[in-house]
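Remarks on the structure that follows.
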Amino acid sequence: MRRLFSLFNVVSAALLAAAAYAYQEVQRPPQVTAPPRLELEEKRDVKVKVYFSDAQVQTLKPETRIVQVIQENPGTLAQAALNVWASGPQASGSLRLVPEGTAAPKVWVRGAHYYVNLPAAYGKLRYGTTGDRMLLCTLARTLLETRGQDVTFLVDGKNVDTFGHLDVREPYTRQDCADQ
């Protein structure tokens, strides 16, 4: 007669028990841990001067606005100013230069130079020479108000020769929009 508790039977029973335990552990749903608490940096209020057009599209009308930024570096301040610019003026007598809901241009800063990427929708506005110039000058004056040397305009991420009826091969400076 064979023995019930032979070495083979004991090892086989132990392996069977281990396999059953492992199967049970694999089938158990994982414990859900609480995600780490997101701690945002504190936003600070900063005054920026944003330019809009008058109703006759002849002169620039400045408006001082408060923007909230986390860091006060030139790139962050410039993007915040352009976001306010795209949202339109608050003062009466000033004219919004892009349709409501239009995205703000993206801006990058390299040294004393700004690079503004105008969305493709801006090229389809069909404002004419005066309107196109006012749009570019309000952007340039808004960015060059406190610092910077010039503003280079791109359209949809590409260098272009013209924007509407205007030559944009060269960067705009403060002097290019001084007569507005």
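The values are calculated or read from the model by the stated rules, or taken from the named source; none is laboratory data. Please read all numbers here as calculations on a predicted model, not as lab measurements. Cβ sites come from the backbone with ideal geometry, for glycine too, and all protein chains shown count toward neighbours. What goes into the accessible areas is simple: the full protein's heavy atoms, side chains included, and nothing from ligands, DNA or RNA. Shrake-Rupley method; radii C 1.70, N 1.55, O 1.52, S 1.80 Å.
Write out the trypsin sites (Lys or Arg not before Pro) in the range 43-136 meeting two conditions: DSSP loop, and at most 16 other Cβ atoms within 10 Å of their Cβ.
Counting only loop positions with at most 16 other Cβ atoms within 10 Å, the trypsin sites (Lys or Arg not before Pro) in the range 43-136 are LYS43, ARG96, ARG126.
What does the convex hull of the Cα atoms come to per residue for the range 82-165, in Å³?
99
Expressed as a fraction of 2.2 N^0.38 Å, the rule-of-thumb size for a compact globular protein of N residues, what is the C-alpha radius of gyration of the range 42-102?
Normalised Cα radius of gyration, the range 42-102: 1.17.
Please count, across the chain, the pairs of lysine residues with Cα atoms under 26 Å apart that sit 8 or more places apart or on different chains.
Close lysine pairs found across the chain: 10.
Which loop-located GluC sites (Glu not before Pro) does the range 1-95 contain, where loop means any DSSP state but H, G, I, E or B and the Cβ has at most 10 other Cβ atoms within 10 Å? Mind showing how you got there, number by number?
Values: sites: GLU25, GLU39, GLU41, GLU42, GLU63, GLU72; in loops: GLU39, GLU41, GLU42, GLU72.
Those that pass, being in a loop and sparsely packed, are GLU39, GLU41, GLU42, GLU72.
Fully extended, how many nm does the chain gain between VAL57 and THR102 (0.36 nm per residue separation, minus their Cα-Cα distance)? Could the numbers behind the result be given before it?
On the way: separation 45, 0.36 × 45 = 16.20 nm, distance 1.94 nm.
Working it through step by step, the gained length comes to 14.3 nm.
Select from GLY131, VAL98, ALA22 the residue farthest towards the positive end of the dipole of the chain; place +1 on Cβ of Lys and Arg, -1 on Cβ of Asp and Glu, and compute about the Cα centre.
ALA22
For the range 29-95, what is the relative contact order in percent, using Cα pairs closer than 8 Å and at least 6 residues apart in sequence?
Answer for the range 29-95 is 33 percent.
Can you tell me the Rg and the Dmax, both Å, for the Cα atoms in the range 1-106?
34.3, 112
Considering the chain as a Gaussian network with a 10 Å cut-off on Cα pairs, which listed residue, PRO74, PRO62, PRO29, attains the greatest mean-square fluctuation?
Among PRO74, PRO62, PRO29, the largest GNM mean-square fluctuation belongs to PRO29.
Using a 7 Å offset from the Cα along the Cα-to-Cβ direction at both HIS165 and ALA19, what is the distance between the two label points in nm, to one decimal?
8.5
Using just the Cα positions, wrap the chain in a convex hull and report its mean projected area in square nanometres, one decimal place.
19.2
Spin-label point model (7 Å from Cα, Cβ direction): what's the ASP179 to ASN83 distance in nm?
For ASP179 paired with ASN83, the spin-label model returns 3.6 nm.
Ordering TYR21, TYR114 by how much accessible area each has at a 1.4 Å probe, largest first, what is the list?
Greatest to least solvent exposure: TYR21, TYR114.
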